[in-house]
1. Could you give the alpha-carbon Rg of region 34-76 over 2.2 N^0.38 Å, rounded to two decimals?
2. Ignoring ligands, DNA and RNA, what accessible area per residue does region 172-328 give at 1.4 Å, in Å²?
3. Report, as a whole number in µm² per second, the diffusion coefficient that Stokes-Einstein gives for region 123-245 at 37 °C and 0.692 mPa s using the Kirkwood radius over alpha carbon pairs.
4. I'd like to compare 70-76, 222-228, 181-187: which one has the highest average count of other Cβ atoms within 10 Å, and what's the full order after that?
5. Just grab the label-to-label distance for residue 184 and residue 292, each label 7 Å out from Cα along the Cβ direction, in nm (one decimal).
6. State the percentage of accessible surface on region 270-357 attributable to carbon and sulfur atoms; use a 1.4 Å probe and exclude ligands, DNA and RNA.
7. I want the local charge near residue 178. Using Cβ-Cβ distances under 11 Å, sum +1 for each Lys or Arg and -1 for each Asp or Glu among the other residues.
8. Distances over 19 Å make up what percent of all Cα-Cα pairs in region 12-140?
Amino acid sequence: MVKAIVGANWGDEGKGKITDLLAENSEIVIRFQGGANAGHTIINEYGRFALHMLPSGIFYSHITNIIGNGVALDIQKLTAELRSLLEAGVPTPQLMVSERAQLLMPYHVLQDSYEEERLGGKAFGSTKSGIAPFYSDKYAKVGIQVCDLFDDARLRERLDRAIEVKNILFQDLYHKPPVDAGTLYQELLELREIIRPYVGDSVTYVHQALKEGKTILLEGQLGAMKDPELGIVPMTTSSHTLAGFGCVGAAIPPTAIQDVICVTKAYSSCVGAQTEPFVSELLGEPGDELRRRGGDKGEFGATTGRPRRVGWFDTVATRYGCMIQGATQVALTCLDVLGYLDEIPVCTAYEVDGQRTKDFPVPALLGRAKPVFTTLPGWKCDIRGITDYAALPANAKAYVDFLEQEIGVPITLVSTGPKRHEIAQRK
Ligand code: GDP
């Protein structure tokens with residue numbers, strides 16, 4: 001059976017922690033979209049890690065970790081990350097890289113930064129890791145698959161074709177130096193030897209595993225709001241962040257996904273450009289305080305170190321996020337962070353042009369949405385590490401009950417700290 005672990009919001013919901021936890025009782029963990037542009041923080045017996053390319057099952061030797069065909073594969077980042085895990089004492093993991101995955105190229109990274117530079121103040125707030133150019137190339141059919149690395153003539157031909165267009169763009173639009181196809185070709189031949197031991201037919205492997213009744217976790221990157229179809233266009237990422245895309249990006253049959261665990265934080269956080277509408281945002285000193293107290297080391301990007309924008313829990317966005325993810329259950333993280341507050345506002349509706357709504361508006365209207373808050377009492381104590389749900393203060397449980405009622409999906413897991421076992425089963 002397949003369980004997808006995906007984000008209900010803007011990303012950074014704590015999916016890495018939940019995946020690392022659920023991997024204990026699973027056999028396979030698959031990354032199915034995105035690349036090294038976001039990080040999943042995991043804190044376990046080996047230390048604190050921000051994983052960018054590797055699936056979050058990588059700490060268990062019983063798990064087969066798969067980089068699915070839908071991922072933007074950065075071989076250098078992957079191997080550097082693998083090396084840093086081994087140096088930290090993590091046992092040699094089982095890793096398979098899909099032969100159908102495509103390669104994130106140095107020219108994607110260059111194009112990303114050239115384009116952000118060109119846009120100036122109107123930039124998207126990209127992490128400049130080449131994700132948008134990578135997916136554009138995939139759909140323009142000029143991407144290079146891992147399997148192409150093992151066919152010299154095909155590789156050279158595909159590379160020449162991709163670079164021909166890139167160089168026109170680089171020189172004539174961005175006024176930058178051209179990329180040398182020959183040099184890059186030689187570099188790729190070296191990279192293929194590094195990746196060779198991991199390359200496999202993940203499609204057949206996964207289908208066989210399903211026949212054998214194995215449990216597979218699909219690990220999503222970012223969250224529903226960042227989906228390029230149904231998210232806050234254009235402030236999205238360039239690959240689909242929805243569980244449904246797991247069928248494509250991990251080659252899973254649609255009917256095999258039986259459980260969609262949507263992860264959401266007990267407050268909101270959002271990375272990216274300031275221009276993105278973020279309706280329940282908390283500004284000024286109260287926002288700074290929540291940012292300082294949030295997550296395990298404050299709300300700062302795991303990849304970029306950028307301060308994340310923070311806000312109150314947004315039930316309008318989260319209900320929509322859970323709906324488009326097809327959530328069967330919700331994991332609520334970071335409840336412990338809110339213990340310092342006397343009272344906690346929750347955004348329960350938006351007002352758009354004088355009309356109140358609980359339905360998430362289209363991007364063109366979102367910038368005009370004003371939050372409508374309901375305020376709940378705080379619990380004013382430290383609940384960090386509580387694993388018995390019943391032992392939580394009454395006001396903390398009332399807060400969870402309220403969120404569940406508003407989002408309409410059972411909240412089954414309540415995380416009370418960043419470490420693997422700091423979590424309470426609610427249902
Ligand atoms: P992901 O990309 O969805 O895996 O999320 P990130 O790792 O980017 O961000 C989540 C942050 O919250 C990280 O700093 C985690 O260590 C932290 N975290 C996860 N669950 C909890 C929790 O229950 N309490 C606290 N205080 N921090 C948590």
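The values are calculated or read from the model by the stated rules, or taken from the named source; none is laboratory data. What you see is a predicted model; the values in this text were computed from it and never measured. Note that we place each Cβ from the backbone using ideal geometry, even for glycine, and neighbour counts take in every protein chain shown. Remember, those area values only see protein heavy atoms, side chains included, never the ligands or the DNA or RNA. Shrake-Rupley method; radii C 1.70, N 1.55, O 1.52, S 1.80 Å.
1. Values: Rg = 10.9 Å, N = 43, 2.2 N^0.38 = 9.2 Å.
Expressed relative to 2.2 N^0.38 Å, the Cα Rg reads 1.19.
2. Details: 6380 Å² over 157 residues.
It amounts to 41 Å² per residue over region 172-328.
3. Details: Rh = 17.4 Å.
Calculated translational D: 189 µm²/s.
4. Details: 70-76: 24.0, 222-228: 27.1, 181-187: 13.6.
Packing proxy ranking, top to bottom: 222-228, 70-76, 181-187.
5. Going by the 7 Å Cα→Cβ label model, 4.6 nm.
6. On the way: 1640 of 3380 Å².
Of all accessible area on region 270-357, carbon and sulfur atoms account for 49 percent.
7. Counting the neighbours of residue 178, the net charge comes to -1.
8. Details: 4169 of 8256 pairs.
Cα-Cα pairs in region 12-140 separated by more than 19 Å: 50 percent.
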